[in-house]
Amino acid sequence: MQRIINRRPDRLIALMLGALPFVIIAALYLTFSAMRLAENPSDKLLPSLQTLGDAISRFTFHREKVSGDFLLWTDTFWSLRRMALGLGLATLIGLVFGVANGLIPYIRAGLAPLISVIAVIPPMAMLPILFIVFGLEEVSKVTLIVIGVAPFLMRDVALRVAEIPKEELIKAQTLGASTWQIILRIVLPQILPRLIDGVRLSLGPAWLFLIAAEAIAAQSGLGYRIFLMRRYLSMDVILPYVAWITLLAALSDYLLRLLSRNAFPWVAAGRGR
Amino acid sequence: MSAITVRNLWMEYPGQRVLERINLDVPAGQFVAIVGASGCGKSTFLRLILSQERPTRGSILLDGVPLPDDPGPDRGVVFQRYSVFPHLTVLKNVVLGLEIAASPLIGKLFGPARARAIAEAGSYLEAVGLTQARDRYPAELSGGMQQRLAIAQALVRKPKVLLLDEPFGALDPGTRADMHELILRLWRDTGMTVFMVTHDIKEGFALGTRVLVFDKVRNDPQDPSAFGATITYDLPLAEGKRASPKPKGDVPCSAK
């Protein structure tokens, strides 16, 4: 009798095992939804597939009467815009300060204490301050993402830079490289794949900050919409929105992973050993 | 080519003296092997010649001029590990040195200048026998091939002095013999001054035209770090001569 730790499912069985929990959840949902709707046809908690489909088509393919927008797409546009600006700025800040911090002792001496203090401030506690200082418009939401993500990226990059073997930096100097050339040709190329990994890890927190900021004060956005619909118990809208947000988050993670894998073949070469 | 002169060199860290009273004259073109047990400051001495660290007292002159404060292209180096850049292919690892020299702003060459650099780098790869592997990444090479690459990379800026810090320590015996042949050939062809740190005394005698033994002459049993090591034997060998005057064997550094 083979030990269970040595028994492996083949591809098809693995696929079926992976799909099974989803099927079970869907079946449970449909069963309970049907039961509740049989008891009370206007129940809002577990809408039927029909109701869900109607809501999806209403928000996706039809203009809203007052604003004339396709709501799902408008919300998605605004949320992704905030996300891209926030994550982009945070990445840039993390890269610049992280490399400077990790490579240049004088900058490290001046910045490291400040960064470690900023990094432990709970970003959500900063939100009221941001709203007061920057108003309720776009700037405060983007800033929240930056404040929430940049310190982590900075510290991550600085640690990775410090991990580059000293021998490499000395070798570069014996080839005549200036500090700038070392950053450009040695440090940046080796840091970029790590930076992408850091951004991938930051996607979760970034979505958290985005939806929180939108829930509190916004006129558009995915987070704004689900918190607005909560007032009407509109599960038929909230559920598809949550699924859509999940899909967007998973997709951005996948794209970053793809970029990391294809842009840096040497990383895979190192792992193969 | 280039001579190294060391005048009354001392190296101390807080609470620890590593080197003391080192005086040395190395005429151009010598192959100096530095042997001694670990912890006897061999690698520290190499780092001082490299300007990776500054001596507490004394000075090192290269062709009569004090060494600059930073490592530079006049002194090439090969470490035991991590000497090559993992994100560049074999060819690009060597081209990098030429690009850095020619392009201060972005450290990259394009067009005909790049083609010339590639051709030049190719000749160095041929000299170390890596032409076949030019498009592979260092992680895909064996340990010996990685050290060949590190040597080619160190030579591309035509250093006056080549510093080798246990360069073959991690290699298996067969590969090591090949590498000995390679480094001797390159040394004869270029005429540069070579310093090689090794803890393999046989290797030191096989390669060097001069062998320096580092050890402590004074020792305080209560405080082993009170005294530093110095050059206890300075043995000139004829070029190509194999080990003849056997030193007092594998004496461990008294501090250990």
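Bear in mind that the values in this text are calculations on the coordinates, not laboratory data. Everything numeric in this text was worked out from a predicted model, so none of it was measured. All Cβ positions, glycine included, derive from the backbone under ideal geometry; neighbour counts span all protein chains shown.
Key figures
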| quantity | calculated |
| --- | --- |
| Whole-Å semi-axes of the ellipsoid equivalent to the stretch B:75-158 (Cα gyration tensor, √5λ, descending) | 20, 13, 12 |
| Per-residue HN-Hα couplings for the stretch B:216-233 [Karplus 6.51, -1.76, 1.60; θ = phi - 60°; Hz; x = Gly/Pro] | 8, 8, 10, 8, 10, x, 6, 9, x, 9, 6, 10, x, 8, 9, 7, 8, 10 |
| Relative contact order [Cα under 8 Å, 6+ residues apart], chain B, whole percent | 29 |
| Pairs beyond 18 Å (Cα-Cα), from A:Lys171/B:Lys160; A:Lys166/B:Lys92; A:Lys65/A:Lys141; A:Lys166/B:Lys108; A:Lys166/B:Lys202 | A:Lys166/B:Lys92; A:Lys65/A:Lys141; A:Lys166/B:Lys108; A:Lys166/B:Lys202 |
| Cβ-based net charge around A:Asn101, under 15 Å, with every Lys or Arg adding one and every Asp or Glu removing one | +2 |
| Computed [θ] at 222 nm, deg cm²/dmol, the protein assembly as shown (DSSP H ≥ 4; -39,500 (n - 2.57); rounded to nearest 500) | -18500 deg cm²/dmol |
| Candidates A:Leu208, A:Leu111, A:Leu28, ranked by Gaussian network fluctuation over chain A, Cα under 10 Å, top entry | A:Leu28 |
| For the stretch B:144-211: rounded, prolate or oblate by the Cα gyration tensor [a/c cutoff 1.5] | oblate |
| 0 to 90° range, to nearest 10: angle between helix B:173-190 axis and chain B longest Cα axis | 80 |
| Label point 7 Å beyond Cα of A:Val66 along Cβ direction - residues of the stretch A:221-260 with amide nitrogen under 19 Å | A:221-235, A:237-238 |
| Of the chymotrypsin sites (Phe, Trp or Tyr not before Pro) in the stretch B:69-149, those whose Cβ has at most 11 other Cβ within 10 Å and which sit in DSSP loop | B:Phe110 |
| From phi via Karplus (6.51, -1.76, 1.60), per-residue ³J(HN,Hα) for the stretch A:34-40 in Hz, x at Gly/Pro | 4, 4, 5, 5, 5, 6, 9 |
| C-alpha center-to-center spacing [the stretch B:173-224, the stretch B:30-100] in angstrom | 15 |
| Stretch gain in nm, segment A:Met124-A:Asp10, where the contour uses 0.36 nm per residue and the Cα spacing is subtracted | 36.5 nm |
| Cleavage-rule hits (chymotrypsin sites (Phe, Trp or Tyr not before Pro)) in the stretch A:128-232: DSSP loop, at most 12 neighbouring Cβ within 10 angstrom | A:Tyr232 |
| Amide H partners (placed H, <5 Å) of B:Ala229, local residues excluded | B:Leu19, B:Glu20 |
| Prolate/oblate/rounded call for the stretch A:1-102, Cα gyration tensor, a/c under 1.5 rounded | oblate |
| Selection of trypsin sites (Lys or Arg not before Pro), the stretch A:60-161, meeting DSSP coil and at most 13 other Cβ within 10 Å | A:Arg63, A:Lys65 |
| Cα gyration tensor category, rounded, prolate or oblate, for chain A with a/c compared to 1.5 | oblate |
| Placed amide H near B:Ile34: partners under 5 Å, 5+ positions off or other chain | B:Met196, B:Val197, B:Thr198, B:Leu212 |
